[in-house]
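Please read the structure below before turning to the comments.
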Amino acid sequence: MILPKKRDPRLITIRRGGLLDDGTHHALALWAADCAQHVVGLFDESCPGDDRPRRAIALVRAWTRGEATMKECHKAAFASNAAGREAPLAARLAALSAGQAVAVAHVAAHELGAAAYAIRAAREAAPPGQGDAAARAERQWQWEQLPDGIRDLVLDDQKLRNALCWDVFVD
């Protein structure tokens, strides 16, 4: 994950001197989980016996309810990433999306990674010549899922970091 030199205090928890309250942090995590959930089937198709990405998504949802620890989420992120290591590219990107989603519990700014990897997974899974349209459709779907309480924060973060590392949030 690449961050700008000066991090947005809205994505840093209050406990660490930022402005991010728990409710907003949980909303970011749930949106990231939705992004990963939307493409996790691409992983399931290639690796039907491996549930690490799905477990990661479920775990971050549990974290938002106070039913999982940040440490459990951190471990699940590594497990989901490892699950995708030998998978075909679309499946690997879907596993990385799930890994980024569960990592939001540790660092809120991972929300962007979950979204970006989902967009890249959709692009990769599309039929030849349709990748860009699939990526745009996935991005649009993600934007439609954004709750009002985090919409401006996420869209600002996408504009800021698109040029730094992702190149998937604007045409």
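The values are calculated or read from the model by the stated rules, or taken from the named source; none is laboratory data. Keep in mind that this is a model prediction, so the values were computed, not measured. Don't worry about glycine lacking a Cβ; one is built from the backbone with ideal geometry, like all the others, and counts go over all protein chains shown. Keep in mind that these areas ignore ligands, DNA and RNA; they rest on the heavy atoms of the full protein, side chains included. Shrake-Rupley method; radii C 1.70, N 1.55, O 1.52, S 1.80 Å.
Of all residue pairs spaced 6 or more apart or on separate chains, those with beta-carbon atoms under 7 Å, a first member in the stretch 21-45 that is free of Cβ contacts under 8 Å to residues at least 12 places away in the same chain and a second member that is surrounded by fewer than 20 Cβ atoms within 10 Å (Cβ to Cβ) are ASP21/ILE14. Only one of the numbered conditions (1) over 19 Å from ILE12 (Cα atoms); (2) touching a residue at least 60 places away in the same chain (Cβ under 8 Å) is violated by ALA109, and that is (1).
Checked against (1) aliphatic (A, V, I, L, M); (2) at pLDDT 95 or above; (3) surrounded by 17 or more Cβ atoms within 10 Å (Cβ to Cβ), ALA133 meets all criteria but (3). Among the residues of the stretch 150-163, just one is open to solvent by 70 Å² or more (accessible area, probe 1.4 Å) and touching a residue at least 12 places away in the same chain (Cβ under 8 Å), namely LEU160. Of the residues making up the stretch 46-58, those that are free of Cβ contacts under 8 Å to residues at least 24 places away in the same chain and of a type outside the set (Asp, Glu) number 3.
Residues that are within 24 Å of GLU45 (Cβ to Cβ), of a type outside the set (Ser, Thr, Tyr) and at pLDDT below 95 do occur in the stretch 81-91.
LEU146 fails exactly one of the following numbered conditions: (1) surrounded by 20 or more Cβ atoms within 10 Å (Cβ to Cβ); (2) under 14 Å from the mean Cα position of the chain (by Cα); (3) at pLDDT 95 or above. What is the number of that condition? Here LEU146 clears every test but (1). If we scan the stretch 96-104, do we find a residue that is aliphatic (A, V, I, L, M) and over 16 Å from the mean Cα position of the chain (by Cα)? No; the residues of the stretch 96-104 include none that is aliphatic (A, V, I, L, M) and over 16 Å from the mean Cα position of the chain (by Cα). Residues that are charged (D, E, K, R) and surrounded by fewer than 20 Cβ atoms within 10 Å (Cβ to Cβ) number at least 1 in the following helices (runs of 4 or more DSSP H) confined to the stretch 1-120: 22-46, 52-64, 70-84.
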